[in-house]
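A short worksheet on the structure shown next.
The values are calculated or read from the model by the stated rules, or taken from the named source; none is laboratory data. Just so it is clear, the structure is predicted and the values come from calculations on it, not from any experiment. Here the Cβ positions follow ideal geometry from the backbone for every residue, glycine too, while neighbour counts run over all protein chains shown.
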Amino acid sequence: MKNDLNRSDDITRRGFIMNAARTYLGVGLTPLIGSALTSSSAAQSNPTGNAAQAVIFLNMSGGMSHIDTFDVKPRKKEVQGPVEAINTNVDGIQISQYLPKTAAVMDKICIIRSMTSENGAHDRGQYVLHRSYAPRGTIVHPTLGAWTMKLKGRNNKDIPGFVTIGGSTANASAGFFGVKFAGVPLGRPDEGLKDSVRADSVSEEDFGRRLKLADTLNQDFHRQHRNVEAAAYDELYQEAVRLMRSDDLKAFDIAREPKSSRVAYGSHAFGQGCLLARRLVEHGVRYVEVNLGGWDTHYDNFTAVEARCQVLDQAYANLLIELEAKGLLQSTIVALSSEFGRSPNIVAEHNNGRDHHPAAFSSLLAGGGIKGGTVHGKTDSKGNRVKKEKVTIQDFNATIAHGLGMDVSAVLHSPSGRPFQVAHKGRPVKALFG
């Protein structure tokens, strides 16, 4: 009960400070509430000389069918259904006919066809995908993005280091690390970073005067009360002001991109989210997640998967092409995963749907030192079970963390003293790196 009251009290204090900043100084702290004060944590990392500098995580929420995308079974028509397999630009690797643009950049991609999970429910599966731990009623675990902020810090001190685009705001959570390591959730890629500019009602002269007054009040307070939390929010004010005046704020404005670039990604939210992710990485954002939902294909699987793949194919292929053209692919890990796959069984009474299937599915890695044009692992002839080189979600997340130069064996403790690791005992698949 006492902990609940403390948590509630913390939310009240935080809300008061944020509202005070907006009304008194004319600046919102929301863009920085999950990004400030992380650079001091970089010393906890274990970087390597060729460690990647950023991650773009493409979250295929809903349970993407591996058989209809990246683990085709052309010799099993009762499993494959109407979907044809096509060749890629790498000899011996075939993927779905729904992904022709991705097939043309397969030399940049590693397909992991031996993913497996124990979680067949969406919420639980997404929780594990983002945090590597199963949900517990007594604790909220940090997401991989929050771990990245905790262990690596920011590349650019002026703008948030962890951003999520679309999807659940829970994917930006820092759990028990606290809000200073959380991400900034953007509902839409074209809405920019809210609360990041000086209010129109506050002139620059007025703003400077208020800052000076606030600084005087803060100094008086700190002389009388040595409070770590208050000092942290004092830094947060400084971060917010620096963000307002940073030229890097333009990274969040995709309208600055040439029309040809915006069209190349697709007019849908996911495509524009991938474009925004590329811009953010260019400006030093460390971890960006872009969500593409709609993969829950219990009913009419083939129609739904085709529609989703049209969105994915255009944006994903173009993202890899542009990252490479700008010299960013080698330093950026592009990860793509769903929480689980879809059953090889086609359910006729559900208009040819597929049910949840956590036992086997596919995920992708590209960039950041990953060997492209490769396939890791194998499922059986029907895509039902992993046959070779099993990779758990924890292993997948550990591989991303390893690529960033993190020490995946490092143990950090929650406020209650419980030990945790970035990927919960997951082992990085080092064979994927060139």
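When each of ILE165, ILE93 is tested for being of a type in the set (A, V, I, L, M) and either at pLDDT below 95 or surrounded by 24 or more Cβ atoms within 10 Å (Cβ to Cβ) (or both), the lone residue that passes is ILE165. Scanning segment 367-382 for residues that are over 24 Å from ALA104 (Cα atoms) and of a type outside the set (S, T, N, Q) yields a total of 2. Among the residues of segment 151-162, those that are surrounded by 24 or more Cβ atoms within 10 Å (Cβ to Cβ) and not aromatic (Phe, Trp, Tyr) comprise LEU151, LYS152, ILE159, PRO160, GLY161.
Return a yes/no flag: does segment 126-139 have any residue that is under 29 Å from ASP407 (Cα atoms), in a strand (DSSP E or B) and in the same structural domain as TYR299 (by TED's automatic domain parsing). For segment 126-139, residues under 29 Å from ASP407 (Cα atoms), in a strand (DSSP E or B) and in the same structural domain as TYR299 (by TED's automatic domain parsing): present. Tell me, yes or no, whether segment 305-327 has at least one residue that is basic (Lys, Arg) and either surrounded by fewer than 20 Cβ atoms within 10 Å (Cβ to Cβ) or free of Cβ contacts under 8 Å to residues at least 12 places away in the same chain (or both). Yes, segment 305-327 has at least one match.
Which members of segment 296-323 meet the condition of being part of a helix (DSSP H, G or I), over 17 Å from the mean Cα position of the chain (by Cα) and among the hydroxyl-bearing types (Ser, Thr, Tyr)? Listed by number, the list holds a single entry, THR303. Can you confirm whether ASP407 is of a type outside the set (Lys, Arg), under 18 Å from GLY368 (Cβ atoms) and in contact with a helix residue (DSSP H, G or I) (Cβ under 9 Å, 6 or more places away or on another chain)? So ASP407 fits the description; yes.
Mind checking which residues of segment 354-369 are more than 19 Å from LYS390 (Cα to Cα) and out of contact with any Lys or Arg (no Cβ under 9 Å at 6 or more places or on another chain)? If the condition is that a residue be more than 19 Å from LYS390 (Cα to Cα) and out of contact with any Lys or Arg (no Cβ under 9 Å at 6 or more places or on another chain), then GLY368, GLY369 are the ones that fit. Going through (1) assigned to a strand (DSSP E or B); (2) within 18 Å of LYS425 (Cβ to Cβ); (3) not aliphatic (A, V, I, L, M) one by one, TRP147 falls short only on (1). Residues that are within 26 Å of PRO358 (Cβ to Cβ) and either among the small types (Gly, Ala, Ser) or assigned to a helix (DSSP H, G or I) (or both) do occur in segment 283-295, at least one of them. Scanning segment 108-117 finds no residues that are assigned by TED's automatic domain parsing to the domain that holds PHE361, in a helix (DSSP H, G or I) and more than 22 Å from GLY367 (Cβ to Cβ).
The set of residues in segment 152-180 that are hydrophobic (A, V, I, L, M, F, W, C), assigned to a helix (DSSP H, G or I) and either without any contact (Cβ under 8 Å) to a residue 12 or more places away in the chain or within 18 Å of TYR133 (Cα to Cα) (or both) comprises ALA170, ALA172, PHE176, PHE177. ALA36: of a type in the set (Gly, Ala, Ser) and modelled with pLDDT of 95 or more, yes or no? Against the criterion (of a type in the set (Gly, Ala, Ser) and modelled with pLDDT of 95 or more), ALA36 does not qualify. Among residues of segment 422-434 that are on the phi < 0 side of the Ramachandran plot, those with a beta-carbon under 8 Å from a residue that is in a loop (DSSP other than H, G, I, E, B) and of a type in the set (A, V, I, L, M, F, W, C) at least six positions away or on a different chain give the pairs VAL422/MET406; VAL422/VAL408; VAL422/ALA410; ALA423/VAL408; GLY426/VAL408; ARG427/VAL408; PRO428/VAL408.
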